[in-house]
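The values are calculated or read from the model by the stated rules, or taken from the named source; none is laboratory data. Model, not experiment: these values are computed from the prediction. Counting neighbours? That spans all protein chains shown, and the Cβs are built from the backbone with ideal geometry, glycine included. Quick note on the areas: whole protein, heavy atoms, side chains included, nothing else; ligands and nucleic acids left out. Shrake-Rupley method; radii C 1.70, N 1.55, O 1.52, S 1.80 Å.
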Protein chains: 2
Amino acid sequence: MRNAEFDREEVLRAAMKAFMHKGYANTSMQELKKATGLHPGSIYCAFENKRGLLLAALEQYRLDRATEFEQFFANSHLTLDNLKSYLTNVVVECISCDSAQACLLTKALNEIAEQDSEIQQVISDNLSVLQQALAEKFEQAKAEKSINADKDCDHLARYFLMGIYGLRTFAHTHPEAKVLEQLAEQLYHDVSQ
Amino acid sequence: MRNAEFDREEVLRAAMKAFMHKGYANTSMQELKKATGLHPGSIYCAFENKRGLLLAALEQYRLDRATEFEQFFANSHLTLDNLKSYLTNVVVECISCDSAQACLLTKALNEIAEQDSEIQQVISDNLSVLQQALAEKFEQAKAEKSINADKDCDHLARYFLMGIYGLRTFAHTHPEAKVLEQLAEQLYHDVSQ
DNA sequence: CTCTATCTTGAATGTACATTCAAGATATCG
DNA sequence: CGATATCTTGAATGTACATTCAAGATAGAG
């Protein structure tokens, strides 16, 4: 007889941002209340508890990232060039230094995955989806003759993803644009050559 | 008139292990008490507080890792081969899946660096030291003609370290030996070719 | 052996937190 | 324009935590 007043996606994006900024354990319900605009009771009603909010936020993150990913390839450029744009965008995010741009997946992976196998599984699945999507793009690039026919696209996707993880971590201590760009350049070279 | 009964290094290694396993915020003083064998009062007396214990543990970690690093090069092999051994060892640590082998630096960097600039600085300094040490080894490998004379050793060191960060994160979701070994193989190839 | 400075112990403290819940508000339906 | 199901509110609850502290233990000095 009455619908919830809040926008679920908006709330989840706010929660994401809070979790990315301060981590899971260090984000209190009071901060989540401020970030989402929802009172504790509403959060518990909608997401069961703080952990449920994280799980919902991880799912929203997956959806948002998948959409974003596809947009990089929704044009007529060579797939390999789009992969490069994707990588360049990672660097841009790292440089902007906005913690909101950190990767929720790797952050949560580091903080809690080891102690919560369900969350571990959710994150692993998320990352596998991204890896699979990358592998498909490399296959496409191979079909377009941009990369050598004897390359193993699954391996390329894993290596590319490993590089992105490394880049993100590296950026925490080395946020200088030039260095990150140079590293990305080499990574691109190593997967495309 | 009376000396402390505990062995400081032993206590710090136990604390490191606890922090690596559960993270900083999620490791309670009660767990630290169990892990170190020290009662709260003694911990506060020796390290001021929980944060002080982390700082001391980070310093011990740096010392231990520096010693370990040098041991990889304390032989008559080619420096480049020793770099490969070092990388192989990272993979072995990842595979062993013993959380005690995770990297305290990257773990702490992800969890708290953004909220505590002193800890951020300590970790950054630690990682810079490692990066510098790697750069020196690459210079040595260059002098031994193992790598091309026109290579930028600082860049190689950064790329190598980025790869190690990526490898460690990747291992969280992909602990299969074969995959990690293949990634390490490619990384080695890309820095030595 | 005695004295005292220092260390050890672990219960006590206050605080901050996640979670609950009952009262109040409001949209929708008849 | 009620009636009512559902949502919103935020103070109350209990718990778990980091930290403190005073009493007890013990090593070393004289």
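Observations, loosely collected:
- With respect to the conditions (1) more than 16 Å from DNA strand C (Cβ to nearest atom); (2) closer than 27 Å to B:Glu111 by Cβ; (3) of a type in the set (Lys, Arg), A:Lys84 lacks only one, and its number is (2).
- Out of B:Ile164, B:Ile147, sole residue that is buried (at least 17 other Cβ atoms within 10 Å of the Cβ), in a loop (DSSP other than H, G, I, E, B) and touching a residue at least 24 places away in the same chain (Cβ under 8 Å): B:Ile147
- For the range B:12-34, the criterion of being more than 16 Å from DNA strand C (Cβ to nearest atom) and not in a helix (DSSP H, G or I) is met by none of the residues.
- Residue check for B:Asn148: of a type outside the set (Asp, Glu) and touching a helix residue (DSSP H, G or I) at 6+ places or on another chain (Cβ under 6 Å): no
- Hey, A:Tyr44 over 24 Å from the mean Cα position of the chain (by Cα) and among the hydroxyl-bearing types (Ser, Thr, Tyr) or not: yes
- The requirement of being away from DNA strand C (no atom under 16 Å from the Cβ) and out of contact with any Lys or Arg (no Cβ under 8 Å at 6 or more places or on another chain) is not satisfied by B:Phe47.
- A:Ser96 meets each of the listed conditions (1) more than 10 Å from chain B (Cβ to nearest Cβ); (2) within 20 Å of A:Lys17 (Cβ to Cβ); (3) touching a Phe, Trp or Tyr at 6+ places or on another chain (Cβ under 7 Å); (4) among the small types (Gly, Ala, Ser) apart from (3).
- Looking across the range B:1-45, the residues that are more than 8 Å from DNA strand D (Cβ to nearest atom) and open to solvent by less than 40 Å² (accessible area, probe 1.4 Å) come down to B:Val11, B:Leu12, B:Ala14, B:Ala15, B:Met16, B:Ala18, B:Phe19, B:Met20, B:Gly23, B:Thr36, B:Leu38.
- Flag for A:Ser128 being facing chain B (nearest Cβ under 9 Å), hydroxyl-bearing (Ser, Thr, Tyr), open to solvent by 30 Å² or more (accessible area, probe 1.4 Å) and under 27 Å from B:Ala108 (Cα atoms): yes
- Number of the condition not met by A:Phe170 [criteria: (1) outside any helix (DSSP H, G or I); (2) within 15 Å of B:Arg168 (Cβ to Cβ)]: (1)
- Checking each residue in the range A:167-181 for being among the charged types (D, E, K, R) and open to solvent by less than 60 Å² (accessible area, probe 1.4 Å) picks out only A:Arg168.
- Qualifying residue in the range B:132-141 (condition: in contact (Cβ under 8 Å) with a residue 24 or more places away in the chain, surrounded by 15 or more Cβ atoms within 10 Å (Cβ to Cβ) and within 15 Å of the chain's Cα centre (by Cα)): yes
- Extreme residue, most open to solvent (accessible area, probe 1.4 Å), among residues of the range A:49-88 that are within 16 Å of DNA strand D (Cβ to nearest atom) and over 17 Å from the mean Cα position of the chain (by Cα): A:Arg51
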